[in-house]
Structure formats: structure tokens, C-alpha cells
1. Tell me, what % of the accessible area of region A:5-198 is carbon and sulfur with a 1.4 angstrom probe?
2. Which parts of region A:138-178 would a label at A:S75 reach, counting a residue when its backbone N lies under 20 Å from a point 7 Å out along Cα-to-Cβ?
3. Find the accessible area per residue for region B:7-220; the probe is 1.4 Å, ligands and nucleic acids are left out, and the unit is Å².
4. Along Cα→Cβ, 7 Å out, is where each label goes; now give me the distance between the ones at A:A60 and A:L216 in nm to one decimal.
5. Multiply the residue gap between B:S18 and B:T5 by 0.36 nm, knock off their C-alpha separation, and tell me the result in nm, one decimal place.
6. Starting from the Cα of A:L268, move 7 Å in the Cα-to-Cβ direction to define the label point; list residues of region A:174-209 whose amide nitrogen is under 18 Å from there.
7. Kirkwood Rh over alpha-carbon pairs of region A:5-198, then Stokes-Einstein at 37 °C and 0.692 mPa s: what D in µm² s⁻¹, rounded to an integer?
8. Please compute the Kirkwood hydrodynamic radius over region B:1-114, one decimal place, Å, based on all pairs of different Cα atoms.
Amino acid sequence: MLEFEFMRHAFAGCALVSVIAGPVGWFLMLRRQAFAAHALSHIGFSGAAGAVWLGFPPLAGMIAFSLAAGLAIGSEHEADRGAPVQRDGTIGLVLAASLGLGTWFLHMANGASSLATTLLFGDVLGIGRNTLFSLLAVAIVCLSGLGVLCRPLLFSSLAPQVAQAKGVPVKIAALGFMAVCALACSACAEVAGALLAFSLMIGPPATALRLNLGPLAGVTVSTLLALFLSWGGLILSWETDAPVPLWIGLGAALLYGGAGLWVRFRNLSVRTTSSIRAQ
Amino acid sequence: MHLRTDLRLENVTLSAGSSVVLKGVSLQTSLAGITLLSGRNGTGKTTLLRALLGLDKPSHGSIFLRNAVPEDIRKDVGYMPQSIGDAALAIPAFSHVLNAVGGACWGLPFHWRARRREAERVLKLTGARVFAHRPLGALSGGERQRIGLAQALIGAPELLFLDEPLAGLDHGAQNEIISLLCELSRNLGIGVLMTSHETSSLKDVVSRTLLLEGGHLRARI
Ligand SMILES: Nc1ncnc2c1ncn2[C@@H]1O[C@H](COP(=O)(O)OP(=O)(O)OP(=O)(O)O)[C@@H](O)[C@H]1O
Ligand SMILES: [Mg+2]
């Protein structure tokens, strides 16, 4: 399998994307912004379609579009007193508007249907050397952005009002994070396609949160799980000839379900041991 | 103990949305010991506390805490909001406290040891160490109050603003929190300003009461 260059590229691409999706997704899930991840990757699809029509590389269009949308979503008013904001309305409308644009871009670009398929479902086996370098650049930018933002972001996600009272620039942290998310979603879409880009951003971190892990352990576990999912998807698709996103999507849901079962089992066994001790 | 002016309001008008909380109020008071901010639901206690933290701005007049504007003495004030929120319930309570230590700084969190020590210290002060490893969502209301209190105590503040720290607690738990607050103010010299409707449980321990009513704020010793 590894004797083919396209497979080596695919594995490298998946590794880069997992390193981005694990940490960024963990913060997204912590802040309950799964819908934003979903929306941003679809918005990226419109950007990619626009770029193809205008003759730019799709990744550039993806990044430009989702960055703009991310800033639009992030700049919405914080609810008073740090309450979780009902952002869903804004996100949904930004998504609708950009998908509308996307269909028009596809209409204008020729050979629309095959292009749409590639963008929607991704083409991990077609990752070239240039794409790999772009992914590397995106990973570096995302992770350094997250590194700079992580403390105010974590504080304002865990205790928004206390963070504000301590002078944390909650708004700037939220905006910066949305920009990082937009970049991350574009990178994920490159591998898993716009339709499933968010599966890597949501499945592993949701699993880590379900296991009640703290930030450091949570980010580490979700990165490792993302790697496991994407490489596992590659290997399975090599063996079965089914598309990679199938395995990534199914695997994400299975991981989450498995984590739930495990937590239940753990609680059950704690309860039984303590009741045996009590007897 | 000498009584200094901790809180000075100069002709302050403060509103939240369409309701007026303070109408041109001027007041000077010490906050030594425990100060109770009392008033009926919706009179604006939370809004006033937020204004003292510099989070809500008065439309008129000025607020001084220890002769400084609220924004300038943030690090000396600990705050526990009315609801500690339903954010991130899956994360262990210990992380909630740990990540509030130095949480306002940019960049990666170094100084692991010092941050851990500070988190352990405040958790010990509030008696929350035994359950801090559990996820926040798996804690009872009283246990969560202690976590919130621990967060407020980070960085050894001189003033503590607590919004309804006794809400939802049974009598036993209320008395535990009250004696904890007495200890903090006695041993560490922290000035506690708290809102509460439990005036009867508090009447023996408060040094003064600020009554908020119809846009006026009156101090009673
Ligand atoms: N964001 C807001 N927009 C509009 N009005 C608000 C807002 N927040 C508070 N209010 C109003 O301001 C008034 C004061 O609210 P506040 O929460 O400060 O009262 P409170 O004294 O703390 O009440 P409680 O005892 O119930 O905690 C209330 O009448 C409330 O309806
Ligand atoms: Mg209130």
C-alpha cells in the first residue's frame, strides 16, 4: 500500500489534518459550536467552487470564504452576562447565503457536476505535493493561533463571566478562534470533503469530552483518535474499495457510542464495587 | 481595625435594559467583614455587582473601589456570578479551577507547578478538594458553589463579590458556606460583598447591609 506515492501523500495529509482537527475540534465541542464546524466546512465548499470558476486553487477559495464567514459568525453580539449565545440563527443564515452563492459558482464553472462531487466528498487519494505543503502551512498557522489563544479561550469557555471580570478579552478570543476554525475546516475538507469535514472535528473531541477528560488529556486523546480515524479510514478504503469518508463518518459515530458504553460500564463497576465494600 | 472607604459611588445612575437600578446614588462605605447587598428580585443587585467589576457601565457618575476605577483593580477582586453557568459540564471541576489561574494571559500555560499549587490552595480553602476530580456536571448545587468560590479566591483577592452564594442550599450547607466566608474575612482579611435573600441566616455575621430599593441604595450597620 505504501509503495504508491499517492498513498504516502494520503497518509501524510491525513496526519496533518488530524493534528489540526483534534485540538481545534476539542475547543469547538467544548464551546458547543458543532453547528459552526458543520456550517464552515459547507461554506468552504462554496468558496472552492468560486475559486475554480475564477481559476484559483480550490483550497484558497475555501479558506477565503470560510474565513469571512467565520469572522461574520464570531462577531455576533455576545449575549449579556456571558450566557451562551443562541448563534444558531446567524450561522444558519450565513450558511444558506453562501450555499446559494456556491450553487451559482458551480453553475458558472463548467463541468460542474464532477467538480461538485470532488469538493463535496473530498479526494484524499489525489493529494499532491503542493496541497501537502499548503496543509502543513495551515497546520502551523492553526496550531500557533490556538497556542496564543488557548488560555483566554479556555477560561472564557469554562467560566465566561468570571473571565470577563478578570479582564479577559472574551470577544477577541472568540473571533480569533473562529478564524482558526475556518482554516481548520478548510484543511479537513481537503481530506474528508466538505460534506464530512466536520466528522473529524466532531467525532474525536466529542468522544474525549464524553470520557470526562480535562483539557490536556482531552486534546491529546482527540488528536490521537482523529489520527486513528483518518488512517483507519484510508486502510479500510484500500481494503474494501469504499470511499474514505464512509469509514471516517461511521467510525466517528462508533467511537462516540463506544465511549458512552464505556462510561456506563465504568460507573456501573464503581457502583458495584462500592456496594460490595459497603456490605 | 481602621475603617477605610472601600466603595465610593458618586452620583451614579445605572440601568439594565429599560429598568433603572440606581438613580443618582452617592454613597461611601467600608467593605471590611461581610457586607450584605439585599433587595427584592429584579431590583438590580446583579447589575450593581457587575458595575462594581467594570462589566456594566453607569450611564452617569463614577464608581471607585479603594480609590481606583473598577477596571484598574480587577486583580484584587474575586467574583462569583449568580449562576456559574452550564458551560463545559463534562470537564473535571479541578480543570475549571486550574484554568482560571492565569487564564487572562496569552500564550501556552507554563508554570504548571505554580498553577497547580494555587488551584490546590483555593480548593482546600473551600473544602472542595475531595470532589474536584469529578466532572462539574456530576456535582451537587452546593458543591458547585464551592467550586465557584474557589475560582473567586484565585490570586488571593482582597475583595470578594459573591452573587447569591447561598441560593439553592439547605440550611446545613448554607451554614457551612457562611462560616467559610466568616473564616475568610477573619483570617485573610478579605472584604466580602454578597447578595442573598437569606437575611435571617446571615443576620449574626454581617457587618453591614446595603439595601437596594427603587433605585436607591441605603447602608445600614
Ligand atoms: N440584559 C438585560 N436586558 C434588559 N433588562 C435586563 C437585563 N438584565 C437585567 N435586566 C433587568 O434589570 C433588572 C435588574 O436585574 P438584576 O439581575 O440585576 O436583578 P437582581 O436584583 O440581581 O435580581 P435577582 O434577585 O433575581 O437575582 C431586572 O428588572 C431585569 O429585568
Ligand atoms: Mg441577581
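1. Values: 5040 of 7260 Å².
The value for region A:5-198 is 69 percent carbon and sulfur by accessible area.
2. Zone members listed by number: A:169-178.
3. Result: 43 Å² of accessible area for each residue.
4. It works out to 4.2 nm between the two label points.
5. Details: separation 13, 0.36 × 13 = 4.68 nm, distance 3.10 nm.
Result: 1.6 nm gained on full extension.
6. none
7. Numbers: Rh = 16.8 Å.
The estimated diffusion coefficient comes to 195 µm²/s.
8. Details: mean 1/r = 0.0606 Å⁻¹.
Every distinct Cα pair counted, the radius reaches 16.5 Å.
The values are calculated or read from the model by the stated rules, or taken from the named source; none is laboratory data. What you see is a predicted model, and the numbers here were worked out from it, not measured in a lab. So basically every Cβ, Gly included, is an ideal-geometry build from the backbone, and we count neighbours across all protein chains shown. What goes into the accessible areas is simple: the full protein's heavy atoms, side chains included, and nothing from ligands, DNA or RNA. Shrake-Rupley method; radii C 1.70, N 1.55, O 1.52, S 1.80 Å.
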